[in-house]
Amino acid sequence: MGHAAASHRQCTAEHLCSRSNLRPLRLGPDGHTLYFTSNHIVPPEYPKTLRSSTVGLKQMHSWNDGNDNIWWIDLAPWIDLYVHPNR
C-alpha cells in the first residue's frame with residue numbers, strides 16, 4: 001500500500017475493533033463497504049527468517065509505515081446476518 005489516498009487495503013473485523021487510530025468512517029456508494037483511514041502498523045513476527053524479513057521490508061516500503069492508509073471492510077456478511085436473517 002502506498003501513502004494515504006494512493007492506497008486501499010482490506011481489513012478484518014479484528015482490525016476494525018482494535019485500538020488503532022481510526023479516522024472518520026465513510027460508507028461506500030454500494031451501501032455495504034466501509035472505508036476509513038488508520039495509522040495501524042502490523043508488528044513484525046519473531047523469530048525472523050529471510051522470507052519474513054523480505055516481506056516485512058516490502059510492506060514497510062509500500063504501506064506498513066505508520067502513515068494514514070485507506071482501509072476497507074465489506075459489511076455485507078453482517079448486514080445479511082442481522083438485517084436479513086431469513087435469507
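The values are calculated or read from the model by the stated rules, or taken from the named source; none is laboratory data. Please read these numbers as outputs of a predicted model, since none were measured by experiment. Glycine gets a Cβ as well: all are built from the backbone with ideal geometry, and neighbour counts include every protein chain shown.
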Filter the range 76-87 down to residues that are out of contact with any helix residue (DSSP H, G or I) (no Cβ under 7 Å at 6 or more places or on another chain) and not in a helix (DSSP H, G or I), then give me how many there are. 4
Taking the stated definitions as given, is Trp78 touching a Phe, Trp or Tyr at 6+ places or on another chain (Cβ under 8 Å) and at pLDDT below 90? no
Any chance you could count how many residues in the range 34-87 are among the aliphatic types (A, V, I, L, M) and in contact with a strand residue (DSSP E or B) (Cβ under 6 Å, 6 or more places away or on another chain)? 4
Six or more apart or on different chains, Cβ under 9 Å: which pairs go from a residue in the range 72-83 that's touching a residue at least 12 places away in the same chain (Cβ under 8 Å) to one that's of a type in the set (A, V, I, L, M)? Could you list them? Trp72/Leu34; Ile73/Ala13; Ile73/Leu16; Ile73/Leu34; Asp74/Leu34; Leu75/Leu27; Leu75/Leu34
If you check every pair at least six apart or on different chains, which have Cβ atoms under 7 Å apart with a residue in the range 34-60 that is exposed (fewer than 15 other Cβ atoms within 10 Å of the Cβ) first and a residue that is among the hydroxyl-bearing types (Ser, Thr, Tyr) and assigned to a loop (DSSP other than H, G, I, E, B) second? Asn39/Ser20
If I ask for residues that are assigned to a loop (DSSP other than H, G, I, E, B), modelled with pLDDT of 85 or more and of a type in the set (S, T, N, Q), which ones from the range 34-75 would you list? Thr49
